[in-house]
Structure formats: structure tokens, C-alpha cells
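The values are calculated or read from the model by the stated rules, or taken from the named source; none is laboratory data. Only a predicted model underlies this, so the values are computations on that prediction, with no experimental measurement involved. Because the Cβ atoms are built from the backbone with ideal geometry, glycine has one as well, and the counts that use them run over all protein chains shown. Quick note on the areas: whole protein, heavy atoms, side chains included, nothing else; ligands and nucleic acids left out. Shrake-Rupley method; radii C 1.70, N 1.55, O 1.52, S 1.80 Å.
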Amino acid sequence: MRGMIDWFAHNGVAANLLMLMIIAGGILATFSVREEVFPEIELDMINIEVPYLGAAPEEVEEAVNVRIEEQIQGIDGIKKIQSTASEGMGVVMVELELGADTRRVVDEVKSNIDAISTFPLETEKPIIRELTNTMQVVDIAVSGNVDPFTLKKITDQVRDELTAIPEITQVKVASAPPYEISIEVSEVALRRHGMTFDQVADAVRQSSLDLPGGSVRTERGEILLRTIGQAYLGAEYEELVLWTRADGSRLRLGDVATVVDGFEETDQYARFDVAPTMMVSVFRTGEQSALELAALSHEYVEQAQARMPEGITLTIWQDSAKMLSNRLSLMLNNGLLGFLLVFVVLALFLELRLAVWVSLGIPISFFGAIALMPGLDVSVNVLSMFGFVLVLGIVVDDAIIVGENIYRHQEEHGDGMRASIEGGYEIAKPVVFAVLTTVAAFAPLLFVPGMMGKIFRVIPLVVIPCLLFSLVECLQILPAHLAHIPKRKRPGPWRRFQSLFSNGLKRFIQEVYQPFLEIALRWRYLTAAVGVATMVITIGLVASGRPVFRFFPNIEADFMAASVTMPQGTPVDTTSDAVEKLEAGAARLRQALLEQTGEDYFLHVSAAVGDQPMAQRGGGPMGPTGGIASANIGEVVIELLPTELRLFSSEELGTMW
């Protein structure tokens, strides 16, 4: 250890090169590290959905869910099976064992379900997929008091324009019913023309299609033949010919049926600021940056709003990248504040140049950790930013201890090189063990099993590199820099000003701390008894439940949500009435707050019937919490003013609502 400190102290160029390599590596890594809201993890869960339209939950359970459970429960690697039967849909959630081969289990589940031959004929093909935590970045609300066809057309246009942006790859439309052309056949008309329902269905199936007809070779080249008969509009379906007689008379579909060109009959719809709305969600995939996607979405909304028809409004809604941006700002602000505080305190009590080099321990440690992030598969996310904020107060401690000890030796004999070597070596072992014990405290988070372990492993993968690089900085780089600080023989103005603080600290140590320490050492059994008594009292308080345990603390939110769940089978109109009451209550509260404070506390109000988007998205990094679209559920979500602009907390506002 002494040899290493001695070598770096005498080779300042090597120490500076090491420092520059760490900083350069961190700067280069910032261009390649991923930026996401939450870390991407494998959820180790398989979702199986089987639509059974028109069936009651009891029928779905008996005919679908139970048969799936019986067929897959013996597969090796499955830990738990949880199924939900609702009107028209059966959902089975499969949780896998730790370390199970996900692809193998998925393949076995698919083959076993495909082997089930006893599903009712009315069920549709099972949908089997491995759950991933694809994170939504922003929603864009397309709202306006227009007919549903116009709103859907504009929403699809917004989706296509967003997808056309090279940096954006995954965009989905939500809260919008899919297009559907329904054919309502008249039984009387069928009897009149001597046809059956199956004959009409077969005629439609065979008439509405495009068929390749081969090719014809000519002197000028090859001509491809193709019959164009696919119908896309309701009017085109009405013209489909069901049969043609020898006398030339024809029976068209419109003669025996009513063709409705519209949307699928669904109990889902949404409103945004009272106006009908459809949502366009932008997702982050691969190596894309959540912050960049959010910025592009904001830019698109600003530019596209001018092209929208009158009455159509585009609004950014639920921008989850704000959370990451706020955490980044917090880390940068705390880092800058910590750097300045360390610099000011050391400059007041020790030496100005010593304060500069010791304070540099913070950015050097951070850059070193950032340089390793791509290799450790760690992204810039809210958890890794939390790790940086957490370790901020620890990394500089080592440099302060080493720097202060070197400064003490320099004051004794005035030789900077000797002081750096002796002072660094004297304190090296305590510093190394202090860092290693802290590393040991965070290391167990790397081995936490299950989904929570995959999430929280990010914290030690940030904290531990920061600590190790702080050790490199204080034992190799710092002694080389402090070795060349000369001892001032004649104190200048700053030194005289600084002596007021340093001499005051010395007096406190000699007159207060040292006598108190001597008493504590003289009465060592009493000192030990006080320590044991403090520990016993602490354990007793924890065991009594006085300090309330919360795995995640309650934090101030910028959103309020109220969900409605009616009994199964409740008509959608009844659910809609309940949602409208929540909206009316929000409107009254909004007006009351406006009169009381003069501020509009509500930025936007979103309402959904037949769905609970906020509740289902509440799973965050652990995936969706479940929940199936149904006529008996609804939700109202309010976006509030930022916390610093409000007199009331979100919890108080929720109670008022």
C-alpha cells in the first residue's frame, strides 16, 4: 500500500492521466448509456387470454379457465397460476419459478393449450404472450366535440405521423374502439329468397377478397393477373352479389341485410376535459432514450396542433419522463451543492487548494461509475439516479479524511511530498476498510431473488463503483495533487480570515471534545452501558411498532385518481352515471379552490368508462396489476398543479374531492 501511494505521489503525470481517463470514460459513456424511466427487467410471467364473447363469468371459468389450469399445471418451471374470469374473457396469469427457462416454459404452455380440443366453438384463438415491462413514455390526448369517425381518423393520423418520426418506433392507440363492419341479416328476407344464414356468410367470404390469377407472357414482357374484389366500406359490402340467375337477375347483400359501417360495439369510451377523446401512447423500446422521446412528442404536439381541424386539441398527458428528468435534476443539483459545501467548509478550516482537490472526489467517483454503467447493463433511470443521490454524501468522506491527514503532516514538518506519502499511508487501512464495509452493506442487494431483486440490483451497481472509484481517487490521485502544495510561511489575508474558523475548531477540540472524550474513556463501563441502553431502547421502539414501516413512503403526487367498480353485470349507463358524478364533484372542487385561492388547481381531467387506465398502469416496473375492460368499471384522473404552487397536498385535495 505504501509503495503504491509513494509511486503515485512521485509520478504526478500518471495520477493526472488516471484522473483524465476516468473522466473521459464517464463522458463517453453518457453517449451510449440507455435512458429509461424504470429499468427493463424480465417479469417471468406468461399471460394467456381467451375471448369468449357473450359468455357469463361462470361459463368462462368452467369452459375456459379450468381447462387451461388443468392442462398447464404440471409443466416444470411454473410457480403459481392465477386466473380471472369476466364477461366475455378468460385470463390466466402464470408466474414462473426463479431461474426457469422462460422460452421453454412458454413453448410448453403454447403446445399444451393448443392441444385442448374441448373449448366451446364460440371461443376465439388463445392469445399467449410473455409479459414485458414496456414502459409508456407519454400519452397524447386527441380530444374534441366531433363525431367518433372524425376523431378516430385524426387519432390514426396522429399515430401514423408519430411513427414516421425516425426516433419513435412504438406507438399505440388507446381508448378508441376498432373499426367494424357488421352485417345484420333479415330472417324474413332470407325466407323470401330461399337462402340460409350460412349461405350468406359463405357468399360474403368468397366474394370479398383479392386473388392472384397467375401471369401472361407477352412479347413486351410478363403481365401479372389479379382479381380485385376485397370490400373495405359498408357500401361496397352492400354491392356484393349473393347469386346470379340465368336471366341476369342478381341478389345483392344489401337486399337481404343491413350493413353498418361503424365501430365495434364496446362499453369503453373516454373524455378529456369533458370532451370525447382518444389516446395515442408513445413507448420506449430497445436503446431509445425516454427523455428524447418525450421531447420529440412535445415538439410534435406543438407543430401538429396548427394543422388540426377546428375544435380538435392535442394535449400531452401523463408524461412519465418528467419523473426521470426531475431525478436527474435532483442528482445534478445535489451534486453541485455537495461540491460547493465541501469546498467551502474545507476552504474555511484547512487550505484553499486542498479544498479544490478534495472536492473533485465527487465528480471523479461519479464519472467512474458512469463509465461502467454500459458494461454492467445499468441504464439512467429513477433507481440509478437514486443510487447516485444516496452515495453522494459517502464518496467525499474518504477524500476529506485522507486530505485532512496529509494537511496535518504538512503542518508538522512542511514537506509536501513526505506529508502526502506518510499521511496517505497512515490513514489508508482505515479508509480501505471503511469503503469495503460500506460495499459489503450494499452487496446483498445484488443477490435478492425474484422480481424485486431484478429491480433493486441497480442501486448497488451504482453505489459500489462510486465507492471503489472514490478509494482510487483518495489513495492514488489525491496524494499526487497534494504533494505539490507548498506550506505558506507568511499568512496572507485569506489565511488570516481562515484562521478565525480553524483556530475556533481547534479550541473546541481542546476545550470541549478532548475533555469529554477523556471522561468517556475513564468511565468506560458507563459509556458502554449508555450504548447498550440506547440499542435496547431502539430495538424496543421498533418492536412496538412506533416507527411505522412502509416499504415505499407516501410522497406528494401530481395526479389524483378515483376508480369505480360496480357489481358484475351492471349496465354501462349506470357506470357512466357514477363516473359523471365524480366528474361533477371534481368540477365543484375546482371552482371552490379557484374562488378560495385564485389559482386553478386542476390542469386536466380525464375520465374513462369501461376501463381503468391509471389503475392498470399502477404496476409500474412490475408490470400491469391486472384488470380487464368491462362495463362495470370506470375511472377519473386529475392532473394537479406542481406541488410548489399548491397550498394543499394531493391527499388533502383527494379528501375534499
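All other residues with a Cβ under 11 Å from the Cβ of GLU87 taken together, and with Lys, Arg as +1 and Asp, Glu as -1, what is their net charge? Write out the running numbers ahead of the final one.
Working: positive: none; negative: GLU58, GLU59, ASP267.
Here the count lands on -3.
Dipole magnitude of the range 73-138 about its Cα centre, charges +1 at Lys/Arg Cβ and -1 at Asp/Glu Cβ only, in debye to the nearest 20?
On the way: 7 positive and 11 negative charges, 26 e Å.
The dipole magnitude comes to about 120 debye.
Whose amide H sits under 5 Å from the amide H of MET89, counting only residues 5 or more places off or on another chain, with H placed in the peptide plane?
Close amide H contacts, sequence-distant or interchain: TYR52.
For helix 102-114, report the angle its Cα long axis makes with the longest principal axis of the Cα atoms of the chain; keep it between 0 and 90° and round to the nearest 10°.
Helix 102-114 and the main axis of the chain meet at about 20 degrees.
Quick check on the chain: helices-only [θ] at 222 nm, where DSSP H runs of length 4 and up contribute -39,500 (n - 2.57) each and the sum goes over total residues. Nearest 500, please. All intermediate terms of the calculation are to be shown ahead of the outcome.
On the way: 25 runs with 329 residues, N = 657.
So the helix-based figure for the chain works out to -16000 deg cm²/dmol.
Select from the range 218-291 those chymotrypsin sites (Phe, Trp or Tyr not before Pro) which occupy a DSSP coil region and have at most 11 other Cβ atoms within 10 Å, ordered by residue number.
Numbers: sites: TYR232, TYR237, TRP243, PHE263, TYR269, PHE272, PHE283; in loops: TYR232.
In loop regions of the range 218-291 (DSSP not H, G, I, E or B), the sparsely surrounded chymotrypsin sites (Phe, Trp or Tyr not before Pro) are TYR232.
Applying a 10 Å radius around every beta-carbon, put 100-106, 539-545 in order of their mean neighbour count, most first. Write down the numbers at each step before the final one.
On the way: 100-106: 14.9, 539-545: 9.4.
The packing order, highest mean first, is 100-106, 539-545.
So which GluC sites (Glu not before Pro) in the range 569-599 are both in a DSSP loop and have at most 13 other Cβ atoms within 10 Å of their Cβ? Walk me through the numbers before you get to the answer.
Working: sites: GLU580, GLU583, GLU595, GLU599; in loops: GLU599.
Of the GluC sites (Glu not before Pro), the ones in loops of the range 569-599 whose Cβ has at most 13 other Cβ atoms within 10 Å are GLU599.
Please list log₁₀ I(q)/I(0) at q = 0.05, 0.07 Å⁻¹ for the chain, using the Debye equation with identical point scatterers on the alpha-carbon positions.
-0.40, -0.71
Could you tell me how many degrees, from 0 to 90 and to the nearest 10, lie between the Cα long axis of helix 524-544 and the main elongation axis, the longest principal axis, of the Cα atoms of the chain?
10 degrees
Along its principal axes, what span do the Cα atoms of the range 178-279 show, with the longest given first and each in whole Å?
That works out to 65, 44, 19 Å along the principal axes.
Over the chain, give the accessible area per residue in Å² for a 1.4 Å probe, as an integer. Before the final figure, lay out the partial values.
Values: 36130 Å² over 657 residues.
About 55 Å² of surface per residue is accessible.
Express in Å², to the nearest 10, the accessible area of ARG129 obtained by rolling a 1.4 Å probe over the protein heavy atoms while all chains stay in place.
Solvent-accessible area, nearest 10 Å²: 110 Å².
Probe 1.4 Å, all protein chains in place: accessible area of HIS193 in Å², nearest 10?
Here the residue's solvent-accessible area equals roughly 60 Å².
For the range 125-204, what % of the accessible area comes from carbon and sulfur atoms, probe 1.4 Å? Display every interim value, and only then the final one.
Working: 2310 of 4330 Å².
Accessible surface attributable to carbon and sulfur in the range 125-204 totals 53 percent.
Can you pull out the GluC sites (Glu not before Pro) in the range 298-392 that DSSP calls coil and that have at most 12 other Cβ atoms within 10 Å?
Numbers: sites: GLU299, GLU302, GLU310, GLU351; in loops: GLU310, GLU351.
For GluC sites (Glu not before Pro) across the range 298-392 that sit outside H, G, I, E and B with at most 12 neighbouring Cβ atoms in 10 Å, the list reads GLU310.
Order of 12-25, 63-76 by packing, highest average Cβ count within 10 Å first? Numbers along the way, then the final one.
Numbers: 12-25: 15.1, 63-76: 16.9.
Listed from highest to lowest mean packing, they are 63-76, 12-25.
If you line up the long axis of helix 197-207 against the longest principal axis of the chain, both from Cα atoms, how many degrees apart are they, to the nearest 10?
70 degrees
Rounded to a whole number, what % of the accessible area of the range 15-87 do carbon and sulfur atoms account for, probe 1.4 Å?
On the way: 1930 of 3780 Å².
Heavy-atom surface of the range 15-87 belonging to carbon and sulfur, 1.4 Å probe: 51 percent.
Compute the signed sum of charges (Lys and Arg +1, Asp and Glu -1) over the other residues within less than 15 Å, Cβ to Cβ, of LEU468. List each step's numbers first, then the result.
Working: positive: none; negative: ASP397, ASP398, GLU473.
Its environment carries a net charge of -3.
Give the span of the range 319-452's Cα atoms along each principal axis, as three whole-Å numbers ordered largest to smallest.
The Cα atoms of the range 319-452 stretch 58, 30, 21 Å along their principal axes.
Binning every alpha carbon pair distance of the range 280-367 at 5 Å from zero, what are the percents per bin?
2, 11, 15, 13, 11, 10, 8, 8, 7, 6, 4, 2, 1, 0
With a 1.4 Å probe and all protein chains in place, put TRP7, TRP317 in order of accessible area, largest first.
Details: TRP7 130, TRP317 10 Å².
Heavy-atom accessible area, descending, gives TRP7, TRP317.
For the ranges 139-147, 169-177, what's the packing order if you count other beta-carbon atoms within 10 Å of each residue, average per peptide, and put the highest first? Write down the numbers at each step before the final one.
Details: 139-147: 20.2, 169-177: 17.9.
My ranking of the peptides, most packed first, is 139-147, 169-177.
Give a residue-ordered list of calculated ³J(HN,Hα) values for the range 302-310 (Karplus: 6.51 cos²θ - 1.76 cosθ + 1.60, θ = phi - 60°; whole Hz; x for Gly, Pro).
Whole-Hz 3J(HN,Hα) from phi for the range 302-310: 4, 7, 6, 4, 5, 8, 6, x, 4.
Could you work out how far the C-alpha centroid of the range 121-158 sits from that of the range 262-309, in angstrom?
10 Å
Evaluate the charge dipole of the chain about its Cα centre and quote only its size in Debye, nearest 20, assuming +1 on the Cβ of each Lys and Arg and -1 on the Cβ of each Asp and Glu. The partial results should precede the final answer.
Values: 51 positive and 82 negative charges, 819 e Å.
Around 3940 debye, computed over the chain.
Kindly provide the Kirkwood hydrodynamic radius of the range 1-134 in Å, to one decimal, from all pairs of distinct alpha carbon atoms. Please list the in-between numbers first.
On the way: mean 1/r = 0.0531 Å⁻¹.
One decimal place: 18.8 Å for the Kirkwood radius.
Residues with amide H under 5 Å of ASP273's amide H, sequence separation 5 or more or different chain, H placed in the peptide plane at 1.01 Å from N; which?
Under 5 Å from the amide H of ASP273 lie the amide H atoms of VAL605, SER606, ALA607, each far enough along the sequence or on another chain.
Give the carbon-plus-sulfur fraction of the accessible surface of the range 468-613 in %, rounded to a whole number; probe 1.4 Å, heavy atoms of protein chains only.
Numbers: 6350 of 9990 Å².
With neighbouring chains kept in place, the figure for the range 468-613 is 64 percent.
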